There are 2 protein chains.
Amino acid sequence: MAITITAFEQSPDGGKGLARDTRVRWALEEAGLPYQVRLVSFRAMKEPAHLALHPFGQIPTYEEGDLALFETGAIVLHIAERHAGLLPTAADARARAIAWMFAAVNSVEPPILEFANAKLLEGDKPWHAERLPLVADRVRSRLSQLAARLGDAEWLDGAFCAGDLMMVSVLLRLRASGILDDYPNLAAYVARGEARPAYKRAFAAQLAVNKPPAG
Amino acid sequence: MAITITAFEQSPDGGKGLARDTRVRWALEEAGLPYQVRLVSFRAMKEPAHLALHPFGQIPTYEEGDLALFETGAIVLHIAERHAGLLPTAADARARAIAWMFAAVNSVEPPILEFANAKLLEGDKPWHAERLPLVADRVRSRLSQLAARLGDAEWLDGAFCAGDLMMVSVLLRLRASGILDDYPNLAAYVARGEARPAYKRAFAAQLAVNKPPAG
């Protein structure tokens, strides 16, 4: 059945791959699934037709026959459950891979979101300069724990899985800040994710949408 | 196989049921599964034995035979996948229920966490009074969207499911702030969750741990 996802008509990051459609594109590429993309404007995202697909008016969404899904984690899990390459087959290892997916979005991403919000939404506030280091410390606290767990391993729990896809995607949001460079094993982990052919195809596909016109 | 979860020896909320073990207890009660609880101190949570179970040094964890899991969302999903009562059986409805689980932890909980952090970690900062309403507005923005989607429905998508369990649990964190009262359909939704016998048993069980000694 044909798969259609939505993505920004113009990504706020200008094509750095940080919009969440990249996570879904990556999962689809790992699974070897063709997909179509419907681009939506910021205005259209808040209109009834899109809100029926995504109650929070965001991208990506996922449509496949009668199924409409929102939430990147759920979409990636849906793909991973149905196609080889993103979840181990052994039951316990599969449950642990899903735990890393939730860890990415519920333990690691929240402080990173708070750090992003501090810059994006409060960059002009009088408290910004004094507050930002506090928020950065909360990010560092999580990264230290994650770095300790990863150690010298290539991936979080055995072979590459949907948990790594989500975690690498979350960590990528930090690259521009330089914070990631303080954790060499995490920086190398993220680089391993980016080096995967499926990631490269996903990145190129989102960049093609967001590339400024030549000339 | 026997199930053992971990919980705070002394919950920071003093037994209001907001610690995340309540979510797992609730899922276990909905599924009708007996479980044991191992209480851990704040100090023990940061020691190697617990960090081996939970890389971020938190509760709850879940042990069942050889399987050890962390992340509440993953634990609830693990229970929901194996026992009736928490996920629809039809494939599309099941995928949507999981989408609501991710929505709870990745779209609704992050602004609520930021609001909680503003009070807990920055309540003594000079910017606190001016900043708190901004953070509250981010919470309201999400709640408005969630309230619009819920409408007059009893649960988020058909029958009660793990997505509702997670969403109600996330929204409960807001009760003390009074923000929830501005969204009557969400407040009623949360009350329906709390009225479920399984929730009541879960709440009572965590309260029994945290009750101050009589006298």
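The values are calculated or read from the model by the stated rules, or taken from the named source; none is laboratory data. As the structure is a prediction and not an experimental result, all values here were calculated from the model. So basically every Cβ, Gly included, is an ideal-geometry build from the backbone, and we count neighbours across all protein chains shown.
So is A:Arg149 within 28 Å of B:Thr61 (Cα to Cα) and charged (D, E, K, R) or not?
So A:Arg149 passes the test.
If the requirement is being at the interface with chain A (Cβ under 9 Å from one of its Cβ atoms) and surrounded by fewer than 18 Cβ atoms within 10 Å (Cβ to Cβ), which of these qualifies: B:Ala148, B:Ala93, B:Ala153, B:Ala129?
It is B:Ala148.
Looking at (1) closer than 17 Å to A:Ala176 by Cβ; (2) assigned to a helix (DSSP H, G or I); (3) free of Cβ contacts under 8 Å to residues at least 40 places away in the same chain, can you tell me which one A:Ala148 breaks?
(1) is the only condition that A:Ala148 fails.
Which numbered condition trips up B:Phe115, out of (1) closer than 30 Å to B:Ala93 by Cα; (2) outside the structural domain of B:Gln10 (by TED's automatic domain parsing); (3) touching a Ser or Thr at 6+ places or on another chain (Cβ under 8 Å); (4) among the aromatic types (Phe, Trp, Tyr)?
(1)
Considering only residues that are surrounded by 13 or more Cβ atoms within 10 Å (Cβ to Cβ) and closer than 21 Å to A:Asp92 by Cβ, which ones fall in the stretch B:41-57?
B:His50, B:Leu51, B:Leu53, B:His54, B:Pro55, B:Phe56
Residues A:Ala191, A:Ala202, A:Ala176, A:Ala162: which one is out of contact with any Pro (no Cβ under 7 Å at 6 or more places or on another chain), assigned by TED's automatic domain parsing to the domain that holds A:Lys16 and either aliphatic (A, V, I, L, M) or buried (at least 17 other Cβ atoms within 10 Å of the Cβ) (or both)?
A:Ala202
Report, by residue number, each residue of the stretch A:96-122 that is at the interface with chain B (Cβ under 8 Å from one of its Cβ atoms), of a type in the set (Gly, Ala, Ser) and free of Cβ contacts under 8 Å to residues at least 60 places away in the same chain.
If the condition is that a residue be at the interface with chain B (Cβ under 8 Å from one of its Cβ atoms), of a type in the set (Gly, Ala, Ser) and free of Cβ contacts under 8 Å to residues at least 60 places away in the same chain, then A:Ser107 is the only one that fits.
Tell me yes or no: at least one residue of the stretch A:59-75 is facing chain B (nearest Cβ under 8 Å), in a loop (DSSP other than H, G, I, E, B) and surrounded by fewer than 20 Cβ atoms within 10 Å (Cβ to Cβ).
So far as the stretch A:59-75 goes, yes, one or more of its residues are facing chain B (nearest Cβ under 8 Å), in a loop (DSSP other than H, G, I, E, B) and surrounded by fewer than 20 Cβ atoms within 10 Å (Cβ to Cβ).
Which members of the stretch B:76-90 meet the condition of being small (Gly, Ala, Ser), without any contact (Cβ under 8 Å) to a residue 24 or more places away in the chain and either crowded, with 23+ Cβ neighbours inside 10 Å or facing another protein chain (nearest Cβ under 10 Å) (or both)?
Those that are small (Gly, Ala, Ser), without any contact (Cβ under 8 Å) to a residue 24 or more places away in the chain and either crowded, with 23+ Cβ neighbours inside 10 Å or facing another protein chain (nearest Cβ under 10 Å) (or both): none in the stretch B:76-90.
Do you know which residues across the stretch B:96-126 are charged (D, E, K, R) and crowded, with 20+ Cβ neighbours inside 10 Å?
If the condition is that a residue be charged (D, E, K, R) and crowded, with 20+ Cβ neighbours inside 10 Å, then B:Arg96, B:Glu109, B:Glu114 are the ones that fit.
Quick check, is A:Gly193 more than 14 Å from chain B (Cβ to nearest Cβ), in a helix (DSSP H, G or I) and small (Gly, Ala, Ser)?
In short, yes.
Restricting the search to the stretch B:205-215, which residues are at pLDDT 95 or above and either of a type in the set (D, E, K, R) or surrounded by 19 or more Cβ atoms within 10 Å (Cβ to Cβ) (or both)?
Within the stretch B:205-215, B:Ala205, B:Gln206 qualify.
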